[in-house]
Amino acid sequence: MSKYLIRGQKKLSGNIQVGGAKNASLPLLCATLLAPGEYLFSNVPDLKDVEVLINLLRHLGLKIEKNGQNFYRIINEGIKTVEAPYELVKPMRASFLVMGPLLGSEKRAKVSLPGGCAIGARPVNFHLNGFENLGAKITIDHGFVVAETRELNGSTIELPFPTVTGTENLMMAAVKANGRTIIKNAAREPEIVDLGDLLNKMGALITGLGTEEIQIEGVSDLHSTNHTVIPDRIEAGTFLVLSALSGGEVIVQGVRKDHLQVFLEKLETAGFFCESIAGGLRLVKKNSENYSVHINTEPYPGFPTDVQPQTVVLLTQVMGQHILTENIFENRFMYIQELNRLGAEIGLQEKTAIISGSKKLIGAEVTATDLRAGAALVLAGLVAENTTIINEIEHIERGYEDLVGRLRSLGADIEKIM
Ligand code: EPU
């Protein structure tokens, strides 16, 4: 098993480019199941999660070629099977995103139920209730969800919570349904808007994207198109935290500031201000006063759960006592024990972390429990004195393309060891 070895406290400076969004790419690639033809995608990140999905899409019958680092050509000449087996779904929960487009195009899908997950139980009941609203009959058969129907009929679906992949799955099922579908309490994330934009280019009629009510007028035919994936706002947030920790010499290129509004506002309450410089952004600390930062993670446009661990690392370095409440996933504080092993002082009360600032971090051996927890440990290792070793880095490589190479180009002393 590979690990990262980091010798911390090196002076970092230079430019770091944000790649295409992982969580946009996954549903976008799944949408190609909906209509025959040739698709060209650019700005797709080179990640394990994308590779896992590509393998599944190939199994379902799509021809997929990688044309250079971040380009894919996908040819849909017809779906060969509607069955997504356990071994192809198990490595990544988001594989469940094939369910909506298969149901939309083939009126039948058999997809292995995704298993448990490190950050929370993450059931798919809201997806399934939505498919039923559209007229699908759902059964669970030997660990598979089987959805089938003669036809899908538009309907009003009120989501109990604005689930991101749930909204995406239902949009992809509804685009070819008869009549009008309304998704109420829909997720509003930029990744939803990117998917809706692709579907509209394919001939769908979707309005209300980015609001809590999405309207979809069903159409009988869709066609292929080309698409460029939006920048990854979570990678941008991670690198902006890096820029704040580095003392402002790191410039992050390709950030959509409008996708990170609440995140940036919260960092201002910790004294960090965004500066536009040389075509990028950096976060600079304006003074060293005592702060008391309060953060609640929420669905978009609220503070993103996916930058929560990275932000906690930053707060360990900000004078004062800070409070962060995690409202999306029940298990997203597993990295706190690891940070405390590096010298942080973070207390936990149910879903709230109480963070003592201005703590000196000192390297140790730690373990990444999930993707964003792993990113937080890398940031902590870069700040810490001496050497930090991070185990289970496969979590990190699921979501950050060539992290080691990009950090080394800024002057970080990080290497992958066996
Ligand atoms: N939920 C249910 N039932 C459902 C669906 C969701 O109870 O049917 C609950 C979940 O258990 C959770 C909450 O609703 O407590 C929100 O979950 P959501 O469905 O929005 O999450 P997701 O779609 O599974 C996506 C991202 C996650 C990101 C969350 C929240 C993708 C592929 N994944 O997950 O990304 O944390 O939205 O923003 O888009 C990551 O990239 O590290 C990551 C985990």
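Where a number appears in this text, it was derived from the coordinates with a stated rule and is not lab data. What you are looking at is a predicted structure, and each value in this text was computed from that prediction instead of being measured. Because the Cβ atoms are built from the backbone with ideal geometry, glycine has one as well, and the counts that use them run over all protein chains shown.
Annotations
- Overall form of the range 327-402 per C-alpha gyration tensor (a/c, 1.5; a/b vs b/c): oblate
- The mean sequence separation of alpha-carbon pairs under 8 Å and at least six residues apart, normalised by the residue count of the range 83-144, gives a relative contact order of 32 percent.
- With Cα atoms defining each centre, the range 1-39 and the range 198-231 are spaced 23 Å apart in the structure.
- Only Cα pairs under 8 Å and 6+ residues apart enter the sum, and on that basis the relative contact order of the range 1-73 stands at 31 percent.
- For the range 159-189 and the range 232-264, distance of Cα centres in Å: 30 Å
- Whole-Hz Karplus values for the range 366-376 come out as 9, 10, 7, 9, 7, 4, 6, 4, x, 4, 5 Hz, taken residue by residue from phi with 6.51 cos²θ - 1.76 cosθ + 1.60 and θ = phi - 60°; glycine and proline positions read x.
- Shape category assigned to the chain from the gyration tensor of Cα positions, a/c cut at 1.5: prolate
- Whole-Å distance, taken between Cα centres, linking the range 292-353 and the range 41-74: 34 Å
- Here is the list for the range 328-418: trypsin sites (Lys or Arg not before Pro) lying in DSSP coil, each with at most 15 other C-beta atoms within 10 angstrom of its C-beta, are Lys360.
- Relative contact order for the chain: 21 percent, from Cα pairs under 8 Å spaced at least 6 residues apart, divided by residue count.
- Counting only aspartates and glutamates at least 8 places from Lys80 when in the same chain, those with an alpha carbon closer than 12 Å to its own are Glu106.
- Gaussian network model of the chain, Cα within-10 Å springs - most flexible of Leu379, Leu102, Leu205: Leu205
- Each of Val89, Val312, Val284 was scored by other Cβ atoms within 10 Å of its Cβ. Listed from fewest to most, they are Val284, Val89, Val312.
- Proxy reagent accessibility, fewest Cβ within 10 Å first, across Lys48, Lys66: Lys66, Lys48
- Under a 5 Å amide H cut-off, with hydrogens placed 1.01 Å from N, Glu345 pairs with Ser356 among residues at least 5 apart or on other chains.
- Prolate/oblate/rounded label for the range 46-195 (Cα gyration tensor, a/c 1.5): rounded
- Shown in residue order for the range 20-28 are the 3J(HN,Hα) couplings computed by the Karplus curve 6.51 cos²θ - 1.76 cosθ + 1.60 at θ = phi - 60°: x, 6, 4, 6, 8, 4, 4, x, 4 Hz (x for Gly and Pro).
- Gaussian network model of the chain, springs between alpha carbon atoms under 10 Å - residue of Ser358, Ser112, Ser95 with greatest fluctuation: Ser358
- Among Val262, Val250, Val18, the largest mean-square fluctuation in a Gaussian network model of the chain (Cα springs under 10 Å) belongs to Val262.
- Residue order, fewest to most beta carbons within 10 Å, for Ser243, Ser155, Ser13: Ser13, Ser155, Ser243
- Less than 5 angstrom separates the built amide H of Asn296 from those of Thr325, all sequence-distant by 5 or more or on a different chain.
- Couplings 3J(HN,Hα) of the range 323-333, computed from phi: 10, 10, 10, 9, 10, 9, 10, 6, 10, 9, 10 Hz, in residue order, whole Hz [Karplus 6.51 cos²θ - 1.76 cosθ + 1.60, θ = phi - 60°; x for Gly and Pro].
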